[in-house]
Amino acid sequence: MRRAALALCTALVSACAPMVDEPDATPEDASSSVDALRSETSIVEASVDASRATEAGLDAAPDAGPDASPDAMPDAAPDAPAAATGPTRYPTDRTQSPITESVQRSMRAIVARAATRDDVFAKVGDSQTVYESGFMVCFAGSSVDLAGRTELMPTIAHFRAGRIAGVTPYERRSLAAVTGWSSGAPIAGAPSPLDQELAAADPRFTLVMYGSNDSQVRNLPTYGENLWEIAARAIARGSIPIVTSAPPRGDSAVADQWIPWYAHVARAVAQAEQVPFIDMEREWRTMPNFGLTTADNLHLNRSSRGACSFATADLVYGQNRRNLRTIQGIDRARSALSAGAAAPDADSPRAMGAGTVASPIEIDALPFAHRGDTARAGGASGFDRYSCSSANEGGRETIYRLVLAAPARIHALVLDRGTVDVDLHRLTAPNAANCAARDDRQLVADLPAGTHYFSVDSYVPADGRPREGDYIFVAFRAQ
């Protein structure tokens, strides 16, 4: 029943999400549970500045801000131990996610899935990404001022040589980038616009950015699951997704409050697949007027010298900064894919529990994201019925532990796809008798200092078959 409801919800989000060109639209929330959560916890009254200032970790200092100079590359990795063998966790204090050995292996595995065209990429997004927005288009022409970044020229020239229906990928009017779209639109229908664009372009990379429209609907799980589906479809075709966080909303304080949270979810999806993530939101947040045009405080602005002019004076414009960071991100990925190339970034391995009551997975920093699989979690199910719900959770579960040094409002959510149906439980102690809250998608709570637990458990419907499988768990401060 949940799968059918989610399919309907996704369709409604895609069809009814407000167009980014109409900032005065006030659609109904696509999920009644989100309205309840917002009203119970007064999320809309939280301060974005306070949220951003406390996200670096549970008791750590705030995240480092963007580079002092817009010319500086924000992805230089600090000294770190030898590369970890497990998935790399993506930090919040850098624009370009690290390309470690784990990420490099993931990208090379994607490339090995299918023969794709190395000289083209696909664009997937809303009005911030369409041809008219100036995203990447200018790289096809002569009005490119790299301001000394000559190392990018081979990558720029490489894609100038590519063709999709007779034009370069820079100039391509993508079937999967349309004004007014939210994240569900490109994957709706059969074949979907995304499927059609991937078939037409057969790209090595798929550039993905959504959030401007989704932020008005304010449904984080739907956004995350849509984004995950977009990434999964690209990967299935041998195309590496490069996911970018959405820009701030200068036209709506309520919608803008959700933008950093959408960035957490976008980062979680990219981390789950170990593909590149470009956190543009953290840079736009510090720019004049968020890098948005004053005409609507919604769309990215660009320099009068063109959106591919990267002198310091031009990098205060939103689309200019995005174009630079995007071509840098593609260049980093291409370099890492070169034969014999070493991963440019070292990893910082951290011990992780087994996800059982005896050995829970530690939520050791916020925001936190983890990709799990209840089909492989801890053997037999330990919790079948929880005190806070009558639902049959007889499938296997994964247990997470969060230790707070001070009270905090925590937003936790779980993403799943296909036939998988896992539910989220908040526990005051690691047993089913101490369940404080349960939801099939997300929970928000003001938690006291101390130890708290979350259980991601597999729902068992009337047919008796546990809906175990692959999921992404996300938790962050919502205050």
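Return the only residue of Ile327, Ile278 being among the aliphatic types (A, V, I, L, M), modelled with pLDDT of 95 or more and over 11 Å from the mean Cα position of the chain (by Cα).
Working: Ile278 fails: over 11 Å from the mean Cα position of the chain (by Cα).
Checking each option against the conditions leaves just Ile327.
Residues considered: Ala437, Ala449. Of these, the only one that is in the same structural domain as Gly395 (by TED's automatic domain parsing), out of contact with any Cys (no Cβ under 9 Å at 6 or more places or on another chain) and at pLDDT 95 or above is Ala449. Look at Ala365 and say whether it is of a type in the set (Gly, Ala, Ser), surrounded by fewer than 22 Cβ atoms within 10 Å (Cβ to Cβ) and under 24 Å from the mean Cα position of the chain (by Cα). Yes; evaluated as a whole, the condition is true for this residue.
Does Arg149 qualify as being of a type in the set (Lys, Arg), closer than 28 Å to Asn226 by Cα and touching a residue at least 40 places away in the same chain (Cβ under 8 Å)? Criteria not met by Arg149.
For (1) crowded, with 18+ Cβ neighbours inside 10 Å; (2) modelled with pLDDT of 95 or more; (3) not hydrophobic (A, V, I, L, M, F, W, C), each residue gets a yes or a no:
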{"position": "Val111", "(1), (2), (3)": "no, yes, no"}
{"position": "Asp126", "(1), (2), (3)": "yes, yes, yes"}
{"position": "Leu146", "(1), (2), (3)": "no, yes, no"}
{"position": "Pro154", "(1), (2), (3)": "no, yes, yes"}
{"position": "Gly162", "(1), (2), (3)": "yes, yes, yes"}
{"position": "Val178", "(1), (2), (3)": "yes, yes, no"}
{"position": "Pro186", "(1), (2), (3)": "yes, yes, yes"}
{"position": "Ala190", "(1), (2), (3)": "no, yes, no"}
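So is Arg465 touching a residue at least 60 places away in the same chain (Cβ under 8 Å), surrounded by fewer than 22 Cβ atoms within 10 Å (Cβ to Cβ) and of a type in the set (Lys, Arg) or not? The answer is no for Arg465. From the list Arg160, Arg149, Arg172, the lone residue that is more than 19 Å from Asp118 (Cα to Cα) and either in the same structural domain as Thr116 (by TED's automatic domain parsing) or of a type in the set (D, E, K, R) (or both) is Arg149.
Could you name every one of the strands (runs of 3 or more DSSP E) located completely within segment 401-466 that has at least 2 residues being more than 26 Å from the chain's Cα centre (by Cα) and either of a type in the set (Val, Ile, Thr) or on the phi < 0 side of the Ramachandran plot (or both)?
On the way: elements: 408-416, 422-427, 435-439, 442-447, 450-458.
The qualifying strands (runs of 3 or more DSSP E) are 435-439.
Tallying residues that are under 21 Å from Asp214 (Cβ atoms), out of contact with any helix residue (DSSP H, G or I) (no Cβ under 6 Å at 6 or more places or on another chain) and small (Gly, Ala, Ser) within segment 147-191 yields 3.
The residue list Ala246, Ala255, Ala232 contains one member that is under 11 Å from the mean Cα position of the chain (by Cα) and either closer than 24 Å to Gly189 by Cβ or not in a strand (DSSP E or B) (or both), which is Ala246. Taking Ser239 as the residue in question, decide whether it is under 30 Å from Phe290 (Cα atoms) and buried (at least 24 other Cβ atoms within 10 Å of the Cβ). Here the answer is no, as Ser239 does not meet what is asked. Of all residues in segment 115-140, which are of a type in the set (A, V, I, L, M, F, W, C), in contact with a helix residue (DSSP H, G or I) (Cβ under 8 Å, 6 or more places away or on another chain) and in contact (Cβ under 8 Å) with a residue 60 or more places away in the chain? Residues satisfying the conditions are Val120, Phe121, Ala122, Val124, Phe135, Met136, Val137, Cys138, Phe139.
When Ser252, Ser245 are screened for being surrounded by fewer than 24 Cβ atoms within 10 Å (Cβ to Cβ) and not basic (Lys, Arg), only Ser252 passes. Note on segment 330-358: residues that are free of Cβ contacts under 8 Å to residues at least 60 places away in the same chain and either under 21 Å from the mean Cα position of the chain (by Cα) or more than 28 Å from Tyr170 (Cβ to Cβ) (or both) total 8. Out of everything in segment 259-318 that is β-branched (Val, Ile, Thr) and in contact with a helix residue (DSSP H, G or I) (Cβ under 7 Å, 6 or more places away or on another chain), what residue ends up being farthest from Gly329 (Cα to Cα)? The residue in question is Ile259.
The values are calculated or read from the model by the stated rules, or taken from the named source; none is laboratory data. No experiment lies behind these values; they were computed from the predicted model shown. All Cβ positions, even for glycine, are placed from backbone atoms using ideal geometry, and neighbour counts span all protein chains on display.
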